[in-house]
1. Among the residues of region B:250-260, is there at least one that is aliphatic (A, V, I, L, M), touching a residue at least 12 places away in the same chain (Cβ under 8 Å), surrounded by fewer than 23 Cβ atoms within 10 Å (Cβ to Cβ) and within 10 Å of another protein chain (Cβ to nearest Cβ)?
2. Name the residue, out of A:ASP371, A:ASP399, that is touching a Lys or Arg at 6+ places or on another chain (Cβ under 8 Å) and open to solvent by 10 Å² or more (accessible area, probe 1.4 Å).
3. Return yes or no: is A:ILE197 touching a residue at least 40 places away in the same chain (Cβ under 8 Å), out of contact with any Lys or Arg (no Cβ under 8 Å at 6 or more places or on another chain) and of a type in the set (A, V, I, L, M)?
4. Return the residue satisfying two criteria in turn: it lies in region B:318-332 and is within 12 Å of another protein chain (Cβ to nearest Cβ), of a type outside the set (Gly, Ala, Ser) and in contact (Cβ under 8 Å) with a residue 12 or more places away in the chain, and of such residues it is surrounded by the most Cβ atoms within 10 Å (Cβ to Cβ).
5. Out of all the residues in region A:130-181, which are touching a residue at least 60 places away in the same chain (Cβ under 8 Å), outside any helix (DSSP H, G or I), within 14 Å of chain B (Cβ to nearest Cβ) and open to solvent by less than 40 Å² (accessible area, probe 1.4 Å)?
6. Taking the options B:ALA153, B:ALA146, B:ALA171, name whichever one is touching an Asp or Glu at 6+ places or on another chain (Cβ under 7 Å), among the aliphatic types (A, V, I, L, M) and closer than 30 Å to B:GLY101 by Cα.
7. Examine region B:96-104 for a residue that is buried (at least 23 other Cβ atoms within 10 Å of the Cβ) and either within 14 Å of chain A (Cβ to nearest Cβ) or under 30 Å from B:ASN359 (Cα atoms) (or both), and state whether such a residue exists.
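The values are calculated or read from the model by the stated rules, or taken from the named source; none is laboratory data. Treat the numbers as computed from the prediction; the structure is a model and nothing was measured. We place every Cβ from the backbone using ideal geometry, glycine too, and count neighbours over all the protein chains shown. Heavy atoms of the whole protein, side chains included, go into the accessibility calculation; ligands, DNA and RNA do not. Shrake-Rupley method; radii C 1.70, N 1.55, O 1.52, S 1.80 Å.
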There are 2 protein chains.
Amino acid sequence: MKSDIDALMKKRGLDAIFVTGGEGQNMLRHYMTNGAHISGGYVIQKYGAKPMLIINPMEAEEAKKSGYAIRNYKELGAYSPYYLPPQEQIEFWATCLREAGIDFGRIGVYGQGEIETYIELVQLANTHFEQYQFVGETGLTLFEEAFITKDAAEIETLKRVAVHTNEAMAAAWDFIASHKADASETVVKADGSPLTIGDVKRLVRVELLKRDLQDTGMIFAQGRDAGFPHSHGEDAMPLKLGQPIVFDLFPHEIGGGYYHDMTRTWCIGYAPPEVQQTYDEVMQAFDISLEMFGVGKPLYVMQEAVQDFFESKGHATSRSNPKTMEGYVHGLGHGLGLNIHERPSISHILRDDVWQAGNVVTIEPGLYYPDKGIGMRIEDMFIVSETGELISYTPFKKDLVLPLNGA
Amino acid sequence: MKSDIDALMKKRGLDAIFVTGGEGQNMLRHYMTNGAHISGGYVIQKYGAKPMLIINPMEAEEAKKSGYAIRNYKELGAYSPYYLPPQEQIEFWATCLREAGIDFGRIGVYGQGEIETYIELVQLANTHFEQYQFVGETGLTLFEEAFITKDAAEIETLKRVAVHTNEAMAAAWDFIASHKADASETVVKADGSPLTIGDVKRLVRVELLKRDLQDTGMIFAQGRDAGFPHSHGEDAMPLKLGQPIVFDLFPHEIGGGYYHDMTRTWCIGYAPPEVQQTYDEVMQAFDISLEMFGVGKPLYVMQEAVQDFFESKGHATSRSNPKTMEGYVHGLGHGLGLNIHERPSISHILRDDVWQAGNVVTIEPGLYYPDKGIGMRIEDMFIVSETGELISYTPFKKDLVLPLNGA
């Protein structure tokens, strides 16, 4: 968590971190500014000190929300550092570092931005400055490691986003249920025109907005489309009875912030026997997952237990056949926070992560048979409590069949 | 524009470009895949050839929308390249390059992603491979140069987004106008409770969604807040009569895509004389801008004409006083497309850009006096037509006073 950053710097031999990035709000700026909406500039943290923000003067009011020391470009002699030629831009970095009390040392450069630019600027800076060494990082980076556990303020936000996301999904269920079907098993509106995936997505986006959340690309995929885990669904497609629909909803706070991530699979009106049976297996896998939990245990054993189970039922998995496009083809879950996907991962490939208090993860087994028009996934978000319990914050019901009650 | 990419590669001595980036949809992937919603992987374009997409197999259906050749991770022997240790990750880059017919050469690396990771990976790759040289770019990059002009398909999209954004702003005007004021000059709802900035923003977000657009952080700032060009406004603040409100709306297509960007300044009920006078000067500056347009002319002369005018009226500008926080404190405009800010720029600092057909830019003079509770800006989006005319696609009226007609 954020309070670990000094320790994480020490572990990496860093005297400071320099957080930069492209224009626009981004996740690392959000994290390092306590959610102030800064759309440019730098955050510098010297080992053992509080962060300092270097900002566009136009963002002075917003930056104050961070609670940290602030310097603006103009005070430090630049109109906008992004406009400066490379040599002057790295000189401005040095000005900022000195302002934050860093006269020499090993500086970790972090951020989301234009790769092409930073490759060159860092190389130039390392050639130019004797007193500074700028370094990147591969593998589990400082921030990826910090994100593995969330602090109390983050947990509170994640719980609030969870409540609101579940409400939006419930609104979608109720909205669909208020319709009826015609003789061709198409779900129709009062005027007889088909209810489409686009109609549902528009309703959900508005329900999210009412709760100050923003859709980031929900999946609402029916039939064959549901069989591809990341197919988003076609807006024009009418909803049909008896076809599995994968509804994966992962909004974040408006303007950028914390995520929720949940998936339900629905069959409108009725479920054909093969769909019901496949669904029952996914639900069994979900329950098996929870049995494998324990603080201190590695996460990958949970994925392997689910793979064992699915393989025992005759399904291919990405372990039994790494090239398979059918069966159980993805990881069991992932951390989430300011990123939709972060560590820890419940994967048979990444085997280092171990359960600890403050983890926030999804658990999401699924089965995919696009050629049969079948795809399904169930996903809750869990928080590992201070007392070491794995608690779901995705209470919305897991019914497969969504009955229509429209007159 | 996109069809220039080969020429732009040649100019930079590149044999290929390798577009990568972090997880999630990003602007370069959108551009290089013709809007397919790919949330990972690479786009490789060899000089003289069409792009090839390297994708997560789960995104196969979505990737097809690009119309380009596709290879998935599993076909090329990886579960996910992002999970690989650095050495294996760059070996996978080489596998992908060979797959795209690139056995050697100078490769431009582009994308939006984790700076820390790419600094290290590119360095490693350049040490490891004799046959490839990976390079970044500073200054006006290949894509920044490509974005300076838009092709017909992009212009069509930008026009559609413009129409819908103007409609959403009109809805906000009508919504506010339907209210009344109380004795304290507060705008109130039917039940007497104050109408707040948050109420207006929620209405606008829904109006945008109805039109398949997404807010990316609109500014609706009143009084002193309006005096800071990038202050977003406080949700809880009630709307008041006679205070200038800067309403800057810059949504993009849902899920990422093309932007519109427009600003209006409103005074509800009435405008105090000083506000009206300042507004008139901003409108004069707007008209002066348009007179300075001409294909082949540099853009900076437009900014300088506006600075000349504002200075003649006694306002500080960032030319007359680079540290000023009052007066005219920003550039006159910027290109936009898949980025909210791109080249060309109407700035006295960047002096290289020259008007040409296919430019899409904002023009947005403003004046800011936070201590007087005054801030204002007027912004339209313009397209330079094939016949060399500067045409506004922001038709919404530029009235300062927004009269209330609530009963």
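1. To start, the set of residues in region B:250-260 that are aliphatic (A, V, I, L, M) comprises B:254.
From what is left, the residues that are touching a residue at least 12 places away in the same chain (Cβ under 8 Å) are B:254.
Checking which are surrounded by fewer than 23 Cβ atoms within 10 Å (Cβ to Cβ) leaves us with B:254.
Filter again for within 10 Å of another protein chain (Cβ to nearest Cβ), leaving B:254.
Yes - at least one qualifying residue is present in region B:250-260.
2. Working: A:ASP399 fails: touching a Lys or Arg at 6+ places or on another chain (Cβ under 8 Å).
It is A:ASP371.
3. Details: touching a residue at least 40 places away in the same chain (Cβ under 8 Å): yes; out of contact with any Lys or Arg (no Cβ under 8 Å at 6 or more places or on another chain): yes; of a type in the set (A, V, I, L, M): yes.
Yes.
4. Here is the first cut: in region B:318-332, the residues within 12 Å of another protein chain (Cβ to nearest Cβ) are B:318-319, B:321-326, B:329-331.
With the extra rule that they be of a type outside the set (Gly, Ala, Ser), the set shrinks to B:319, B:321-326, B:329-330.
Narrowing further to those that are in contact (Cβ under 8 Å) with a residue 12 or more places away in the chain: B:319, B:325-326, B:329-330.
Working: B:ARG319: 17, B:MET325: 20, B:GLU326: 17, B:VAL329: 22, B:HIS330: 20.
So the residue we want is B:VAL329.
5. A:PHE134, A:VAL135, A:GLU137
6. Numbers: B:ALA153 fails: touching an Asp or Glu at 6+ places or on another chain (Cβ under 7 Å); B:ALA171 fails: closer than 30 Å to B:GLY101 by Cα.
Testing whether each residue is touching an Asp or Glu at 6+ places or on another chain (Cβ under 7 Å), among the aliphatic types (A, V, I, L, M) and closer than 30 Å to B:GLY101 by Cα leaves just B:ALA146.
7. Checked against the condition, which is being buried (at least 23 other Cβ atoms within 10 Å of the Cβ) and either within 14 Å of chain A (Cβ to nearest Cβ) or under 30 Å from B:ASN359 (Cα atoms) (or both), region B:96-104 yields no hits at all.
Every residue, every condition in (1) facing chain B (nearest Cβ under 9 Å); (2) over 17 Å from A:GLY113 (Cβ atoms), yes or no:
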position	(1), (2)
A:PRO57	yes, yes
A:ARG71	no, yes
A:GLU75	yes, yes
A:PRO86	yes, no
